[in-house]
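**Q** This structure is in structure tokens; I'll ask about it shortly.
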Amino acid sequence: MLLFGLAALGFQPANAQTASQKPKLVVGIVVDQMRFDYLTRFEAQFGDRGFKRLMSDGFECRNNHFNYVPTYTGPGHASIYTGTTPANHGIISNNWYNKFEKQQVYCAGDTTVASVGIDGPAGQMSPHRMLTTTVTDQNRLHTQMRGKTIGISLKDRGAILPAGHTANAAYWFEGGDEGKWITSTWYMNELPKWVQDFNASAKAKSYLKEWNTLKPIENYIESGDDLNTYEGGFRGKEDAVFPYDLAELAEQNGGYSLLKSTPYGNNLTTDFALEALDAEGLGQDSDTDFLAVSYSATDYVGHNFGVNSKEVEDMYVRLDLDLERLLDALDQKVGKGNYTVFLTADHGAVNVPAYLSANKIPSGYFDNRAFETALNEFVVSEYGEEDLIEDISNYQVFFNYENLAAAEINAEALQQKIAHFALQYDLMDKVYTRAELNQANYTSGVGALIQKGFNQKRSGDVFLVLDPGVISYSRTGSTHGSAFSYDTHAPLLFYGAGIKKGKTYELTEIPDIAPTIAALLGIEFPNGTTGKVIAEVLE
Ligand SMILES: [Zn+2]
């Protein structure tokens, strides 16, 4: 009664007041290789306090897609946080052929910085190849660098690209014999004491134990038989079946790197994120902080066992508990109503093509090497010139412009010849050329996704699109990278301060996330933003 009276006089209880203010902390969660349908497929397995808490108490975008290719981890994380696509942020793949340096480069590789926390090159990483700002950068600029940004992921690129150029820190996991969280001199010259202490604890080692299903395996009715011909598995164990003795398998499977391919890699990520929350005092003052967490183990398990495996089902049952643990800690440390969470993925994944074929669904395996040989032979026979093609990677053909000029060959004519040749090739669905992408404006379909992934400066000259369900990969396990729905359809959940309850089936796209969070915070959008604010999400 008393509270009601005070509110009527213009007073509000303290928690109601903070709830209407902007969040003290934004937690961005990316689940590597999480398909949208994992939310629905595994829903019966989830508890009420993890995924389902975000789904039922937050806002769910159920028709959320990547709007560019290739759908890989580097471009995915960059696009989520920059609010644009590779055409603008420049992260055109994980690794790509750099025609200016005439060599392959890695999206987060940076030889001008040094490792911190480890000897050797594993820490020589930074966001320097990302050309535009992230929402995390904009928050730093807006708060005069008072609002902190911390990025955390087993994968360096999963930590570095979300945290942006101005991050206080990005930490990633070095496996092998180390089992440590590391960083680079881009951020600092020495690991903070809390990271050193975490590394010195036996935490990583404690996870080299048995991996068995969390629930009785017969309860996992949302996946195929544990023993089948579509799974890779680990070296040193004949069949890809539960249980896995990780202590025994570690030596033959990369030491601590083995943890990345098990749910314990995600557990360890949560452990470390909770330490960061505490030690960095995230969400404790009026300047909004940003914690960017990316769960990578889901991707390694999907690649190894395929999207229909018992292993993937167990991963998500356990990831649900990681989310519960993270949300409970946020309630306790930052306070319900003081933080905002979004959860999405960096790409989806295809069902194992061999499994699809066994079930009469068109699919197949493409031999990159054979295609490359055939294409090179064709070009030589047409022009009588060697080395007109400099590189073929990421389904792009890169020309050698010096050799083209020397032989007086018109680049557009060569693009068209190659396009025609490639379209005759088995399992090839579509082909686009640089000239087409520069002249046309594709508004829908694969062409639009190619165009948004096409960076005029960094991308190649001819773009190849394989048939649906066709991959260039081993015959076991799943992969991703295409413009098809299985790779583009990703979950998108918002929850917490400033977020409405609800859901939509209207199309939303990955670059919409950053401007939506920027709008929530009242800050300037990332400088290359092409996405739109998803207005119905915001209170
Ligand atoms: Zn992957």
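**Q** Would you tally the residues in region 468-486 being buried (at least 17 other Cβ atoms within 10 Å of the Cβ), in a loop (DSSP other than H, G, I, E, B) and in contact with a Leu (Cβ under 9 Å, 6 or more places away or on another chain)?
**A** 3
**Q** When you go through Val27, Val105, Val69 one by one, which is the residue that is under 15 Å from Thr344 (Cα atoms) and either away from the ligand (no atom under 15 Å from the Cβ) or open to solvent by 10 Å² or more (accessible area, probe 1.4 Å) (or both)? Before you say what the answer is, go through the steps one by one.
**A** On the way: Val105 fails: under 15 Å from Thr344 (Cα atoms); Val69 fails: under 15 Å from Thr344 (Cα atoms).
Just one listed residue meets the conditions, Val27.
**Q** Follow-up question, since we're still on this one. Does region 487-506 include one or more residues that are among the aromatic types (Phe, Trp, Tyr), surrounded by 22 or more Cβ atoms within 10 Å (Cβ to Cβ) and in contact with a Phe, Trp or Tyr (Cβ under 6 Å, 6 or more places away or on another chain)?
**A** Scanning region 487-506 turns up at least one residue that is among the aromatic types (Phe, Trp, Tyr), surrounded by 22 or more Cβ atoms within 10 Å (Cβ to Cβ) and in contact with a Phe, Trp or Tyr (Cβ under 6 Å, 6 or more places away or on another chain).
**Q** Return the residue satisfying two criteria in turn: it lies in region 276-302 and is among the hydroxyl-bearing types (Ser, Thr, Tyr) and crowded, with 21+ Cβ neighbours inside 10 Å, and of such residues it is nearest to Leu25 (Cα to Cα).
**A** The selected residue is Thr288.
**Q** Is it the case that Met55 is within 15 Å of the ligand (Cβ to nearest atom) and touching a residue at least 12 places away in the same chain (Cβ under 8 Å)? Steps first, please.
**A** Numbers: within 15 Å of the ligand (Cβ to nearest atom): no; touching a residue at least 12 places away in the same chain (Cβ under 8 Å): yes.
Here the answer is no, as Met55 does not meet what is asked.
**Q** Condition first: out of contact with any helix residue (DSSP H, G or I) (no Cβ under 8 Å at 6 or more places or on another chain), more than 16 Å from the ligand (Cβ to nearest atom) and hydrophobic (A, V, I, L, M, F, W, C). Can you find one or more residues in region 484-503 that meet it?
**A** For region 484-503, residues out of contact with any helix residue (DSSP H, G or I) (no Cβ under 8 Å at 6 or more places or on another chain), more than 16 Å from the ligand (Cβ to nearest atom) and hydrophobic (A, V, I, L, M, F, W, C): absent.
**Q** From the list Phe305, Phe342, exactly one residue is open to solvent by less than 10 Å² (accessible area, probe 1.4 Å) and within 16 Å of the ligand (Cβ to nearest atom). Which is it?
**A** Among Phe305, Phe342, only Phe305 is open to solvent by less than 10 Å² (accessible area, probe 1.4 Å) and within 16 Å of the ligand (Cβ to nearest atom).
**Q** Quick one: which residue in Asp57, Asp119, Asp48 is at pLDDT below 95 and open to solvent by 30 Å² or more (accessible area, probe 1.4 Å)? Before the answer, list the steps.
**A** Numbers: Asp57 fails: at pLDDT below 95; Asp48 fails: at pLDDT below 95.
Of Asp57, Asp119, Asp48, the one residue that is at pLDDT below 95 and open to solvent by 30 Å² or more (accessible area, probe 1.4 Å) is Asp119.
**Q** To continue, here is another question. Within region 168-178, is even one residue closer than 19 Å to Leu521 by Cα and open to solvent by less than 30 Å² (accessible area, probe 1.4 Å)?
**A** no
**Q** How many residues are surrounded by 14 or more Cβ atoms within 10 Å (Cβ to Cβ) and more than 24 Å from Thr71 (Cβ to Cβ) if we restrict to region 416-450? Before you say what the answer is, go through the steps one by one.
**A** So in region 416-450, the residues surrounded by 14 or more Cβ atoms within 10 Å (Cβ to Cβ) come out as 416-419, 421-422, 425, 427-437, 442, 446-450.
Filter again for more than 24 Å from Thr71 (Cβ to Cβ), leaving 416-417, 421, 435.
Selection size over region 416-450: 4.
The values are calculated or read from the model by the stated rules, or taken from the named source; none is laboratory data. Because the structure is predicted, anything quoted here is derived from the model rather than measured. Cβ coordinates were reconstructed from backbone atoms using ideal geometry, including for glycine residues, and neighbour counts include every protein chain displayed. Surface areas here come from the heavy atoms of the whole protein model, side chains and all, with no ligands, DNA or RNA. Shrake-Rupley method; radii C 1.70, N 1.55, O 1.52, S 1.80 Å.
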